[in-house]
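The block underneath contains the structure these notes are about, expressed in structure tokens.
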Amino acid sequence: MTNSFFQLELKLVRDEIERYKKRIMAMMDVETETARKLAQEGRRERALIVLKKKKLQSKAIEDSDSKLTQIEELVHGLETAAQNKMMFDAIKIGRDALVNLQKEVNSEGVECLMLDTREALEQQSRIESALSEKFSKVDENAMIQELDAMENAAQTAAAAAHPAAAAARVPVPASESAYAVALPLAVLPPPPMPDP
């Protein structure tokens, strides 16, 4: 049987005691009125018996109140115990989930992951540092000469393919190609198209 079944049973008993108490109180009111009438009629012995009966019913109401208090305490105790059980179950589920997660992520794995992350960040920092360094004048001159050679080779190949267009082209001096290296690619003008 479940906790809710016991709570329901206790509440049903409580309701029955409440109804019993109301019936007794109604009977006490009737007996009070009866005792009053008997006293007015001069039937003192009979009125005394009715008052004794009323006193017994008053004790029955006190007993009912005591029983109601006990039942209310039991209902409250069951509700509190049910809440405590739910809290216990929730804590147990949380603890089990935490233990399972801790099994999946052990301290060695975390340390290894942190080391790998640190190494990757250091490598990225070295790459960014290398990319952000300015070229020395010697490196820049070497790149300009390499670019001049590429352009001259391209012009020579174009001249071989179209001799008339090659006569109109003039080689680019090194100073102008150095200017071209300093400009972003998007700013460079497109190369001239050979005449057909």
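The values are calculated or read from the model by the stated rules, or taken from the named source; none is laboratory data. In this text the structure is predicted, and so the values were computed from the model without any measurement. Cβ coordinates were reconstructed from backbone atoms using ideal geometry, including for glycine residues, and neighbour counts include every protein chain displayed. Side chains are part of the model used for accessible areas, which takes the heavy atoms of the whole protein and leaves out ligands, DNA and RNA. Shrake-Rupley method; radii C 1.70, N 1.55, O 1.52, S 1.80 Å.
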Every residue in the range 28-65 that is of a type in the set (Gly, Ala, Ser) and either within 20 Å of ILE17 (Cβ to Cβ) or surrounded by 15 or more Cβ atoms within 10 Å (Cβ to Cβ) (or both), please.
ALA35, ALA39, ALA47, SER58, ALA60, SER64
Quick check on the range 74-88. Is at least one of its residues aromatic (Phe, Trp, Tyr) and either touching a strand residue (DSSP E or B) at 6+ places or on another chain (Cβ under 9 Å) or open to solvent by less than 100 Å² (accessible area, probe 1.4 Å) (or both)?
no
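Answer yes or no as to whether LYS85 is in contact with a helix residue (DSSP H, G or I) (Cβ under 9 Å, 6 or more places away or on another chain) and modelled with pLDDT of 90 or more. Give the derivation first.
Numbers: in contact with a helix residue (DSSP H, G or I) (Cβ under 9 Å, 6 or more places away or on another chain): yes; modelled with pLDDT of 90 or more: yes.
Yes, satisfied.
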How many residues are among the aromatic types (Phe, Trp, Tyr) and either touching a strand residue (DSSP E or B) at 6+ places or on another chain (Cβ under 6 Å) or closer than 18 Å to LYS53 by Cβ (or both) if we restrict to the range 1-37?
1
For LEU68, all conditions in the list (1) farther than 30 Å from GLU16 by Cβ; (2) surrounded by 10 or more Cβ atoms within 10 Å (Cβ to Cβ); (3) more than 24 Å from the chain's Cα centre (by Cα) hold save one; what is the number of the exception?
(1)
In the range 1-15, residue farthest from the chain's Cα centre (by Cα) [restricted to those that are aliphatic (A, V, I, L, M) and either open to solvent by less than 80 Å² (accessible area, probe 1.4 Å) or within 19 Å of THR69 (Cα to Cα) (or both)]
VAL13
If you go through the range 97-116 one residue at a time, how many are open to solvent by less than 90 Å² (accessible area, probe 1.4 Å) and part of a helix (DSSP H, G or I)?
9
Checking LEU48 against (1) over 30 Å from GLU79 (Cα atoms); (2) within 60 Å of the chain's Cα centre (by Cα), the condition it does not meet:
(2)
